[in-house]
Amino acid sequence: METITLREVGLRDGLQAEDRVLSTDEKLELLRALAPTGLTRLEVTSFVHPKAIPQLADAEAFLARAEKPAGQIWSALVPNERGAARAAQAPVIDEWTFFLSASEAHNQANVRMSVEDSLQAAAQVAAAAQVANRAISGVVATSFVCPYAGPTPVEDVVRVARRLYGLGYHRLLLGDTIGAASPSMVRRLVQALQDALPEAELGLHFHNTRGQAPANALAGAGEGVRLFDGSIGGMGGCPYAPGATGNVATEDLCWLFEAEGYATALDLKALAGAARSAERLVGRRLSGSVMRTFEEGTACGD
Ligand code: COA
Ligand code: ZN
């Protein structure tokens, strides 16, 4: 049976987009709720500018108190040298995630840098990670569609991915930042990257804005991708934009992949329990579907 790794990014990508700012204690509670799920890879915070993402401004305080269960690998976002210096002081962070956008317009909006300047920062972060003896991975945001520039040319993604790979980012995740990809786009891009960088470990990071993330994930798995990001309960998105949703729910991906004959080594019931904890903590109904089937009264008797 083929094994798929689901990387939980709710504590980072989910919480950074939630309107309600969780206290450090509440984040620790969510982390504890995730412990019995079997998840081995978790992105737990960001070393970005605290004013840019106030939801994660307590990164250091959170990590100082967080207990890492045996067997978990933790990553955090590291956008620049300043972030790398902070991450180097956090021994529990095993892997640094660098992110940039394939689209110039989105990169400017997100990190106030040109793509070329971001690639310079990527080189600095990679060098700092080597000194600090940490693993690195790269996320290429807006790999499919940019909210400002429209569909992203495959060549642009391949060009940025090649540069990152050359800097030592051998694990590369393609982000569908605004949830606008479709399965054929996924197949086309994954194939192009497999041709360009056959040795890279590719991952996919889907938002479920248009409800197509599960279809896209299945298309990616069909092309051989074995690493997928998800957020417990589907946390994230903007609660004030009607219909907007965040990352695809981790437990929904787990259910789908298991049903389709892949092994995830995750406990679906424990994932649903963690999703319910997330829902209580963020204080709004989350978009995950599979978690509902574990609620009392969902089994229809007639
Ligand atoms: N952590 C904390 N502080 C940081 C920092 C970091 N990673 N990077 C820069 N700073 C501080 C600098 O020390 C400087 O402080 P000072 O004014 O007191 O000297 C100030 O921020 C400005 O530094 P500069 O290099 O000009 O950075 P910037 O203001 O252009 O910010 C980013 C660049 C990338 C750090 C910022 O845009 C950012 O954090 N964006 C977050 C984007 C994000 O997380 N998006 C969601 C994930 S996809
Ligand atoms: Zn995301």
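Overview of results
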item	result
Filtered residues of region 102-112 (kept if more than 16 Å from ligand 2 (Cβ to nearest atom) and either under 16 Å from R82 (Cα atoms) or touching a residue at least 60 places away in the same chain (Cβ under 8 Å) (or both))	R112
Inter-residue pairs, beta-carbon under 7 Å, first farther than 16 Å from A90 by Cα and in region 49-62, second outside any loop (DSSP other than H, G, I, E, B) and within 16 Å of ligand 2 (Cβ to nearest atom), 6+ apart	I53/Q16; I53/S46; Q55/L15; Q55/Q16
Region 81-96 residues that are charged (D, E, K, R), paired with ones that are within 12 Å of ligand 1 (Cβ to nearest atom) (beta carbon under 6 Å, 6 or more apart)	E81/Q124; R86/F47
Test: residue in region 233-251 that is of a type outside the set (V, I, T), modelled with pLDDT of 95 or more and over 22 Å from L286 (Cβ atoms)	no
Subset of region 81-106 (residues that are within 19 Å of L204 (Cα to Cα) and part of a helix (DSSP H, G or I))	H106
In region 13-47, the residues that are open to solvent by 20 Å² or more (accessible area, probe 1.4 Å) and within 16 Å of ligand 1 (Cβ to nearest atom)	Q16, A17, D19, V21
Test: residue in region 113-127 that is open to solvent by less than 50 Å² (accessible area, probe 1.4 Å) and within 16 Å of ligand 2 (Cβ to nearest atom)	no
Some residue of region 82-100 being open to solvent by less than 10 Å² (accessible area, probe 1.4 Å), at pLDDT 95 or above, more than 15 Å from ligand 1 (Cβ to nearest atom) and among the aliphatic types (A, V, I, L, M)	no
Index of the failed condition, V140 passing every other in (1) within 13 Å of ligand 1 (Cβ to nearest atom); (2) among the hydrophobic types (A, V, I, L, M, F, W, C); (3) open to solvent by less than 10 Å² (accessible area, probe 1.4 Å); (4) over 17 Å from G179 (Cα atoms)	(4)
Which numbered condition D13 misses (of (1) of a type outside the set (F, W, Y); (2) in contact with a helix residue (DSSP H, G or I) (Cβ under 9 Å, 6 or more places away or on another chain); (3) within 16 Å of ligand 2 (Cβ to nearest atom); (4) part of a helix (DSSP H, G or I))	(2)
Residues within region 123-137 that are under 20 Å from the mean Cα position of the chain (by Cα) and within 12 Å of ligand 1 (Cβ to nearest atom), tallied	1
Counted residues, region 267-283 - those being open to solvent by less than 30 Å² (accessible area, probe 1.4 Å) and either free of Cβ contacts under 8 Å to residues at least 60 places away in the same chain or aliphatic (A, V, I, L, M) (or both)	8
Qualifying positions in region 62-80 - assigned to a strand (DSSP E or B) and of a type outside the set (F, W, Y)	I73, S75, A76, L77
Test set (1) within 17 Å of V190 (Cβ to Cβ); (2) of a type outside the set (S, T, N, Q); (3) in contact with a Ser or Thr (Cβ under 6 Å, 6 or more places away or on another chain) - D156 fails condition number	(3)
Helices (runs of 4 or more DSSP H) within region 158-266 that include 3 or more residues of a type outside the set (G, A, S) and surrounded by 20 or more Cβ atoms within 10 Å (Cβ to Cβ)	183-196, 250-259
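Let's see how each residue does on (1) polar (S, T, N, Q); (2) under 19 Å from the mean Cα position of the chain (by Cα):
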| residue | (1), (2) |
| --- | --- |
| A102 | no, yes |
| N110 | yes, yes |
| D117 | no, no |
| E155 | no, no |
| I178 | no, yes |
| S184 | yes, no |
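The values are calculated or read from the model by the stated rules, or taken from the named source; none is laboratory data. The shown structure was predicted, so the numbers you read here are calculated from the model rather than taken from an experiment. So basically every Cβ, Gly included, is an ideal-geometry build from the backbone, and we count neighbours across all protein chains shown. Please note that ligands, DNA and RNA were not included when accessible areas were found on the heavy atoms of the full protein model with its side chains. Shrake-Rupley method; radii C 1.70, N 1.55, O 1.52, S 1.80 Å.
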